[in-house]
Amino acid sequence: MRYVSLALHYRVAIILGLTLIVSAMLVPGYVSATTLSLGLDRAATIGLIAIGLTVLLIAGQIDLSAGSVFALAGIVSIMLQPQLGILPAAAAGVVVGMVAGAINGALVVGLKVHSLVLTLATMLIFRSIAHWITDSQPVTGTDIMFSLALAQIYLDIFTVRSALFVAFILLLHFWLTRTIPGRNVFAVGSNVVAAEESGIASGRILFFGFVFAGTLAGLAGVLQSLVTNTGSPVFGSTLIVTVIAAVVVGGTRIEGGKGSALGTLGGVLTIGALTVAMEFQSVPAYVQQVVSGFILILLVVLDRTVNTRRKATASRPSLVQGNPVKQGGSA
């Protein structure tokens with residue numbers, strides 16, 4: 001039990017290490033700067049969304065609409081290019097993500113609706129809007145050269161997208177560990193009633209958590225559309241499963257109250273490394289989703305099993321824990 005708990009504590013490093021070792025053994029040319037930059041760039045797509053989802057899961061909430069917001073924001077950033085230009089249109093796409101997050105937050109906090117049910121509904125609504133404004137057809141940007149420039153690799157490792165992801169994850173780590181609002185997120189996720197009784201404005205924290213998650217999903221969608229010079233209503237349709245898997249691999253509990261930015265970084269890199277390895281081996285996309293789903297199930301079951309045993313051990317009588325108490329006297 002002790003070794004299982006230890007392995008669970010360091011599971012991010014263990015899973016990432018095993019993924020890299022097995023991939024390097026099975027995939028020719030996997031260990032190279034080109035593969036590293038490709039994997040990091042792919043990971044950045046889910047990583048930006050995972051940053052926002054990490055905050056929400058720590059707070060005991062979830063946002064299933066992130067994939068739909070991803071697609072809608074990207075479409076807006078492409079469709080407005082002829083009228084506004086590339087950068088203003090991109091900013092408009094990010095604002096769409098922010099507004100979508102604000103809608104989710106206002107409904108969850110204001111109506112006190114469970115976020116799982118609420119964001120499932122808005123997921124369908126946002127996706128339908130994306131299909132409606134595009135007539136279910138992909139839209140193309142105005143400048144393919146800008147897309148090529150955005151995909152440029154710097155320092156042999158980073159693209160603009162991956163650099164933003166790393167910068168944001170480090171900022172999130174500082175915010176969660178070094179600031180009072182960051183610690184309050186953990187308090188709300190652990191026990192919202194106790195948090196409110198201690199003076200923490202849980203409603204405001206949850207609202208801005210959804211705004212933050214929507215903004216990051218919008219940013220990820222805008223960057224994806226700019227890099228591909230395309231906006232599509234089917235973008236991100238299965239993305240949320242991969243994102244949740246990455247965050248859970250990183251040690252964030254779906255029940256709330258536990259998680260870390262650096263853990264999410266490790267989880268995102270693990271999923272990214274695994275995805276690149278499977279793509280190199282021409283594994284179909286639907287099989288990749290099956291793998292992500294199995295990883296998610298395995299980690300949730302393992303985490304719950306270990307925590308259940310911990311509680312059972314802590315609740316045993318003193319006699320069982322090796323601290324016997326004799327009747328009529330001291331031990």
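Quick rundown of the values:
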read-out	value
Test: residue in segment 85-104 that is open to solvent by 10 Å² or more (accessible area, probe 1.4 Å) and outside any helix (DSSP H, G or I)	yes
Residue within segment 284-295 that is in a loop (DSSP other than H, G, I, E, B), touching a Ser or Thr at 6+ places or on another chain (Cβ under 8 Å) and either surrounded by fewer than 18 Cβ atoms within 10 Å (Cβ to Cβ) or at pLDDT below 75 (or both) present	no
In segment 216-229, residue nearest to Leu148 (Cα to Cα) [restricted to those that are surrounded by fewer than 24 Cβ atoms within 10 Å (Cβ to Cβ) and in contact with a helix residue (DSSP H, G or I) (Cβ under 6 Å, 6 or more places away or on another chain)]	Val227
Residues that are open to solvent by 60 Å² or more (accessible area, probe 1.4 Å) and of a type in the set (Lys, Arg), drawn from segment 147-180	Arg178
Among (1) surrounded by fewer than 20 Cβ atoms within 10 Å (Cβ to Cβ); (2) hydroxyl-bearing (Ser, Thr, Tyr); (3) over 14 Å from Arg42 (Cα atoms), the one test that Ser232 misses	(1)
Test: residue in segment 110-118 that is touching a residue at least 12 places away in the same chain (Cβ under 8 Å), open to solvent by less than 60 Å² (accessible area, probe 1.4 Å) and assigned to a helix (DSSP H, G or I)	yes
Some residue of segment 181-203 being in a loop (DSSP other than H, G, I, E, B), under 29 Å from Ala92 (Cα atoms) and either open to solvent by 50 Å² or more (accessible area, probe 1.4 Å) or of a type in the set (D, E, K, R) (or both)	no
Residue check, Val241 open to solvent by 40 Å² or more (accessible area, probe 1.4 Å), within 11 Å of the chain's Cα centre (by Cα), in contact (Cβ under 8 Å) with a residue 24 or more places away in the chain and over 25 Å from Pro28 (Cα atoms)	yes
Output for segment 24-83, where each listed residue is part of a loop (DSSP other than H, G, I, E, B), over 22 Å from Leu171 (Cα atoms) and of a type in the set (A, V, I, L, M)	Val27, Val31, Leu64, Leu80
Number of the condition not met by Asp303 [criteria: (1) open to solvent by less than 30 Å² (accessible area, probe 1.4 Å); (2) modelled with pLDDT of 75 or more]	(2)
Qualifying residue in segment 143-150 (condition: more than 28 Å from Pro233 (Cα to Cα) and touching a residue at least 40 places away in the same chain (Cβ under 8 Å))	no
Matching residues, segment 227-263, being within 30 Å of Ile86 (Cβ to Cβ) and assigned to a helix (DSSP H, G or I)	Val227, Thr228, Leu239, Ile240, Thr242, Val243, Ala246
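The values are calculated or read from the model by the stated rules, or taken from the named source; none is laboratory data. Please read these numbers as outputs of a predicted model, since none were measured by experiment. Counting neighbours? That spans all protein chains shown, and the Cβs are built from the backbone with ideal geometry, glycine included. Note: areas computed on protein heavy atoms with side chains; ligands, DNA, RNA excluded. Shrake-Rupley method; radii C 1.70, N 1.55, O 1.52, S 1.80 Å.
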